[in-house]
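These notes concern the structure reproduced below.
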Amino acid sequence: MENSPESPPIIAEESGWSPQIRILFLIIWLGIALGLVLLARPLWWLLVLMFIVGYLVQPVVGFLQRLFIPRGLATILTLLMVIVLVVLVPSILVPLVFQDIAPISIDWNGILQGIVRWTEQLPNTVPGFEIFGYEVALTPLYDQAANELIKLQTQALQPSVESVINTILAGVRPTVQVVGFATALATNVIGRTIGVLLYVILFILLTFYFTNEQPRIVKYLVQLAPERFEAEWAELWRRTGRTWSLFFRGQLILSIVIGVVVWLGLSILGIPGALALGVLAGVLELIPNLGPLLAAIPGVLMALLQGSTTFPELSNWLMALIVIGFYVIIQQIENLFLVPRILGRSVGIHAALVLLGVIVFTIHFGIIGAFVATPTLATLIIWFRFFHARILNRRPYPELATSAVIGNRFAAAPTIFSPISEIAPPGAVMQTSPVAVLSPREDAPASAQENSGISENDHVMEASETADEPEIGDQLI
């Protein structure tokens, strides 16, 4: 029977893409994303710094927002405060550090002479050893080492004829060459200065956009997941963000505390350059596990070479042992008391894995890699556990099934910075579980709700008012 002119045309229902086509386009888009990441490799360090600063300033931006300051203005004010601190702190610390290390004078000649005398006495102390019936003489090695040290001492005290001639020739260079060299040097300096300024401006702009647009970014990331998995996806991002946020802020607090403690402790012990050593300890504290060990080496060497001004009657060797004990005590207090209270279980990775990750990331990505190695490993573990549970068809977060369902949308974004207790909208009833989940949307098809894996018995209570609720990502702490 033919359709009448008045009846609407019959449109065949379109079928979705086959799984093969979906996988193909997923692989294509992943390849494009990987290519873009590789193209941006020269700016990786800039993006990582932007990410770190964006995390650190989120509490300040949220506090200003609670004072009814618009988010854009709050972000600008926060970044201005950061710029003032970045300029003000070094301008205060650097002169003090130089003033602190100015009186230090190391008698390198005396040190070399002592090492030479000690090397010359080694043949009498340990002439050699016997292994499996074979006599191994060490005297030739001692003699060679002593001769090399004598040459080094002579070169340090008396310049060679060749170096003197080169100095004279360098002093009588033609004026044209000097002018050309000065011009090239000035051009290079100006070019590098302009490049640094451009990087600074780019960094400030990127940090502003990342901090200001964070709620929209989180909203987009949460909505990437299918509707019935949106709650799990939001919880995954919440746990990931909590790891990075607690790590950054905790490491900043630990750096300040350890730097001050090292400065005060070494000042009491009378170690020269205590302020510089404290600043170094605070900076290296940002590198987990490996940083405190590296920070202890200069302090021990300073005690060994300079001794103590507070206890001059003690030998340098004894003072070096005392400083070693001081650093060990600080490390133990940090691990037993400070880290559990400041960082908590935000990372939860074995120390050996952290040390290995720091070394590998430092080799490939430099000092920035050393800093982000620990939270990166923690993030990989969190995401591995999530997808491992989903591959085995298990709930990655079983507590979500017994949590309160709070309607169609969250009143505040499940941001990677916000505590989960602030997610529920006004009027929603939360149970004892700290996590709230999304219920199936009203406009979702019935089949999706049936297959969501959450029965009607799991829905404890819906919000009584949802009409005026803001969308995901519209609010922050």
Open item on the list: Exactly one of these conditions fails for ARG395: (1) at pLDDT 85 or above; (2) farther than 17 Å from GLU227 by Cβ. Give me its number.
Closed with: (2)
Open item on the list: Being surrounded by fewer than 21 Cβ atoms within 10 Å (Cβ to Cβ) and modelled with pLDDT under 85: is that true of GLU227 here?
Closed with: yes
- [ ] Go through (1) more than 30 Å from LEU56 (Cα to Cα); (2) modelled with pLDDT of 65 or more and name the single condition PHE208 misses.
- [x] (1)
Task: All positions within region 286-329 that are under 22 Å from the mean Cα position of the chain (by Cα) and among the aliphatic types (A, V, I, L, M) - done: LEU286, ILE287, LEU290, LEU293, LEU294, ALA295, ALA296
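The values are calculated or read from the model by the stated rules, or taken from the named source; none is laboratory data. Small disclaimer: the values here were computed from a predicted structure and weren't measured. Note that we place each Cβ from the backbone using ideal geometry, even for glycine, and neighbour counts take in every protein chain shown.
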